[in-house]
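Only one structure is covered here, and it is reproduced in the block below.
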Amino acid sequence: NAGVMQNPRHLVRRRGQEARLRCSPMKGHSHVYWYRQLPEEGLKFMVYLQKENIIDESGMPKERFSAEFPKEGPSILRIQQVVRGDSAAYFCASSSATTDTQYFGPGTRLTVL
Amino acid sequence: ELKVEQNPLFLSMQEGKNYTIYCNYSTTSDRLYWYRQDPGKSLESLFVLLSNGAVKQEGRLMASLDTKARLSTLHITAAVHDLSATYFCAVDWGNGGSQGNLIFGKGTKLSVKP
């Protein structure tokens, strides 16, 4: 049973470009969460999605960031016009409607030059 | 706003010793999680604590939850080098009633030395 999958694992972008991060939840999981981790810090919640719905986006920056979880395919975290401050590790987690645990993917490490 | 505070943030231990990591949180919650993260890696779930007085043990690690004191502890018994990692506690605080918004502490970086 494959775990949570994220790609790419490493992403380098220049300032002003767009970054697209993908997350495929564990089989049978319909809840997806995105977190951001800055160096030497804990994870910060960004957004919680279920299929085709955003449940809680209280941690998402108001501009440039968006997330979706379509009926088919992976969840996408999109960052437009990246800036150096966006450099971080972005983790996706998933859970099912009946589990209490969020299972984390390996993360995407974004570097903005 | 829910705040989660861990202490200590850095812990250097000798093998064979015992120690406790503390996790305090500021608002009522009945779901608390402990995760382990190795450098450059993802988070591994260790414990899920869902009720007051919950105690769970796995190997040399034992976690407990006191919801009245808003405190969880992660106790390490007879530490070994393999336990060296960063340990995070996280509290589930659904914004506006939804669950799933985990608030993480800053993490405790544990180093176990021979």
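Couple of notes before you dig in:
- Conditions (1) loosely packed, with under 13 Cβ neighbours inside 10 Å; (2) part of a strand (DSSP E or B): number failed by A:SER94: (1)
- Filtered residues of segment A:40-62 (kept if part of a strand (DSSP E or B) and more than 7 Å from chain B (Cβ to nearest Cβ)): A:LYS44, A:MET46, A:VAL47, A:LEU49, A:GLN50, A:ASN53, A:ILE54
- Meets criteria (touching a helix residue (DSSP H, G or I) at 6+ places or on another chain (Cβ under 6 Å) and either more than 12 Å from chain A (Cβ to nearest Cβ) or modelled with pLDDT of 95 or more (or both)) for B:VAL80: no
- In segment A:21-39, of all residues being of a type outside the set (Ser, Thr, Tyr) and part of a strand (DSSP E or B), the one that is surrounded by the fewest Cβ atoms within 10 Å (Cβ to Cβ) corresponds to A:ARG22.
- Between A:VAL83, A:VAL12, A:VAL4, the distinction of being touching a residue at least 24 places away in the same chain (Cβ under 8 Å), within 9 Å of chain B (Cβ to nearest Cβ) and β-branched (Val, Ile, Thr) belongs to A:VAL4 only.
- Qualifying residues in segment A:40-56 (those that are on the phi < 0 side of the Ramachandran plot and surrounded by fewer than 18 Cβ atoms within 10 Å (Cβ to Cβ)) - the one farthest from the chain's Cα centre (by Cα): A:GLU41
The values are calculated or read from the model by the stated rules, or taken from the named source; none is laboratory data. What you are looking at is a predicted structure, and each value in this text was computed from that prediction instead of being measured. When we count neighbours, we look across all protein chains shown, and the Cβ atoms used for this are built from the backbone with ideal geometry, even at glycine.
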